[in-house]
1. With a 1.4 Å probe and all protein chains in place, put Leu126, Leu532, Leu118, Leu517 in order of accessible area, largest first.
2. Please list the equivalent ellipsoid semi-axes of region 204-330, computed as the square roots of five times the alpha-carbon gyration tensor eigenvalues, in descending order and whole angstrom.
3. State the three equivalent ellipsoid semi-axes of region 282-438, derived from the C-alpha gyration tensor as the square roots of 5 times its eigenvalues, in descending order and whole Å.
4. Which of the peptides 703-711, 671-679, 63-71, 431-439 is most tightly packed, and how do the rest follow, judged by the mean count of other Cβ atoms within 10 Å per residue?
5. Could you order Glu614, Glu322, Glu727 by accessible surface area, starting with the largest, using a probe radius of 1.4 Å?
6. Please report, in debye to the nearest 20, how large the charge dipole of the chain is about its Cα centre when each Lys and Arg carries +1 at its beta carbon and each Asp and Glu carries -1 there.
7. Set Lys and Arg Cβ to +1 and Asp and Glu Cβ to -1, take the dipole of the chain about its Cα centre, and tell me which of Ser723, Phe546, Gly518 lies farthest positive.
8. Can you pull out the GluC sites (Glu not before Pro) in region 154-256 that DSSP calls coil and that have at most 14 other Cβ atoms within 10 Å?
Amino acid sequence: MKVKFYLSAFFFAFAALAWAQEEAEQTRKPGHTNQSKFRQLYQEFATPNTYRSASGTPGPDYYQQQADYKMDIVLDDKNARIDGEETITYHNNSPDDLEYLWVQLDQNVRSKDSKSPLRDGGGVPLAYRTASFAGDYLTEPFDGGFNIEFVKDAQGKSLDYTINQTMMRVNIPQALKSGEKISFSIKWWYNIPDHTVNRARSGYEYFPEDGNRAYVIAQFFPRMAVYSDVEGWQNHQFWGSGEFALPFGNYDVNITVPADHTLDATGVLLNRKEVFSKEMLSRYEKAKKSYDTPVMIVTQEEVEAAEKGFSENTKTWKFRAENVRDYGFATSRKFIWDMMAVKIGGKDVMAVSLYPKEGNPLWEDLSTKAVASTLKTYSSHTFDYPYHKAISVHAKNQGMEYPMICWNYGRPNEDGTYSDRVKFGMISVIIHEVGHNFFPMIVNSDERQWGWMDEGLDTFMQYLAEQEFGETYSEVIAPNEKYPSRRGDPAKIVPYMSGDQDFISPIMSNPENVHQLGPNAYGKPATALNILRETVMGRELFDHAFKTYSQRWKFKHPTPEDFFRTMEDASAVDLDWFWRSWFYTTDYVDIGVKEVKKYYVSDTPTAQMKEYMEANSINEADLPPLVYLAEEDSEDFDPSMKGKSPSETSQPLKEFMMDNMTVEERAQVREPKYFYQVTFDKPGGIPMPLIVEYSYADGTKETVTYPPEIWRKNDAEVSRVISSQSELTGIVVDPKMETADIDTRNNSWPKEDAPSEFQQFKENIKGE
Ligand SMILES: [Zn+2]
């Protein structure tokens, strides 16, 4: 015991000496602020307050506004025009009195005087899409803005208003006091765009063969802007990329369309008996009890008959939706309609699809099943899907989400055949858009400011849901393969993260201001969360924290900090380094093995040690018994050390064992014959767990994961001493390619010319 104490005291002094020397050198260098990648995010994060707690929960004074709508909507199919009148009841739950109200007029992005087409620079491209060329140079701009006919108060008196592009300020005569509500009405109309030409998120597709249109309609009514503790009034205009910020509310909506249309929309259908035929009603009753096969409510045969006539009569479909943040509907005489039930948390939810015959046979086979599967996977990771239905509508080139309803692409060839690309594209977009019910329709983040909060979280969940879909419906997947997910796998984000820094922005950027929105707001955050789950936190801690976030913020308005804080709060994993590097910078991951040195135990001081003793006037006689490690490639190396156990080549070690260990202990002792100093380097900016696979001459392998904190004192390089019974023959960093390492040429030692197992693994991943 005495010897042990003496030894450690000596090494403490030795270390202190070395430190003092370093310190002296340090003082001659310029000073710097705290650059540690492991420092807390106090500068980047908003300070917690009584609205939002440091733990990431809504604070005791958290509030949110409510906007209720009563709407009468008329679709003029002949002229492709929508007329609407609404009464908005706005509840001011904030502690502030509001001098005016802001209403969003998103269709104004398509008005003739919209500034949206003028905001981008750019020269002549190599080639144009034909439709874009025609739209930009051959035709008059489409006039699709809102025409406001009136804004009136509850007494029918006109209210003054000011329109600034896609926003309208309603100038109320007296401030709306905290805790009070106000009702006012707006009447409007607008021309519906052809969404296949104008790349709109809403509009119609025209089918020249039968002269019909299929409508997918959203952003069709003036909608209240969000007023919150974070932004006040949300005042970022709708330019086209940054999506929407909307308060929750209850909707009563009457939609009048031609009598021969099939229609579905956000909310509970209140007058089913009026708008359904007897046949449809009985099919609907059957669908409610069918849990594995969709039941046709309107068949292809019926649709083909309907396509030929154009009813002059109209029907009004009446819906009520509670606690939703938006509203959408789809209508056409071309829509085939099927449904089936899915059990979510003991309740039945209807999985629903609407599609023209042009979507078949793909859509009748897979759409409703994809909807049902999505609801199951997402519910198990977040909260039970709270609405009574989820609808997938087929619309060419669309992928767009609204509460309970979404538009999805995936069209077979005219003869009904389709490629794998079309099939998996269709399943994936359905999973993605139905998944948006969770983020941002229920966990209601501000899409206008933070694209990643809904797209990133949704794309992460989409990956899990795709894999689960592939397991449930394995007949859809090639034998012995996984579902071919486009995003989520770490290797798939490498081309983006290793790209030209001039075209990359941090995830924490406004969606309007980034070059590549897809990888920025979808792929990279989804991959980051996947890595967090699989590699950094582990599934158990991650899943609990992710669920905690979802449950804390369902039917509320979270900010990025609320997400970041909750993930740490619920897991006891300090992730500030992870958020900083993955979300606040454009750094990438690149970790490699730089150098391996082999050592043997010796009882004579090495040349370097002698030099040190001389420089510090230390006599060998004054030193305690020491063990030295002699490098194989140095003058200290004596070939007779090779193959011997440490107690054979070090007299002090042998004596130590004799003095301090019993015979039994000595018999049990493990005496490694090989010692290595392995140096890892980190050309990439992101600190990540250092995952290392060591291979030995006896055929064994061992994988060690050093925590990311291994980089906390030296962000560029770190060494480890490895001891082993058998000779080290190979080292691979990140052997399963789980960290999105952008350059794997430096990941192995020794560097091999022939493709290694690792290289082959890499090729396999690329091929997916
Ligand atoms: Zn999306």
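The values are calculated or read from the model by the stated rules, or taken from the named source; none is laboratory data. Bear in mind that the values here come from a model prediction, so they are computed numbers and not experimental data. A quick note on method: Cβ atoms are made from the backbone with ideal geometry, for glycine too, and the neighbour counts reach across all protein chains shown. Heavy atoms of the whole protein, side chains included, go into the accessibility calculation; ligands, DNA and RNA do not. Shrake-Rupley method; radii C 1.70, N 1.55, O 1.52, S 1.80 Å.
1. Leu126, Leu118, Leu517, Leu532
2. Rounded to whole Å, the semi-axes are 33, 20, 14.
3. 24, 19, 15
4. Packing order, densest peptide first, comes out as 431-439, 63-71, 671-679, 703-711.
5. These residues rank, largest area first, as Glu614, Glu322, Glu727.
6. It works out to roughly 1920 debye.
7. Projecting each Cα onto the dipole axis, the largest value belongs to Phe546.
8. Taking region 154-256 and a limit of 14 other Cβ atoms within 10 Å, the loop GluC sites (Glu not before Pro) found are Glu180, Glu209.
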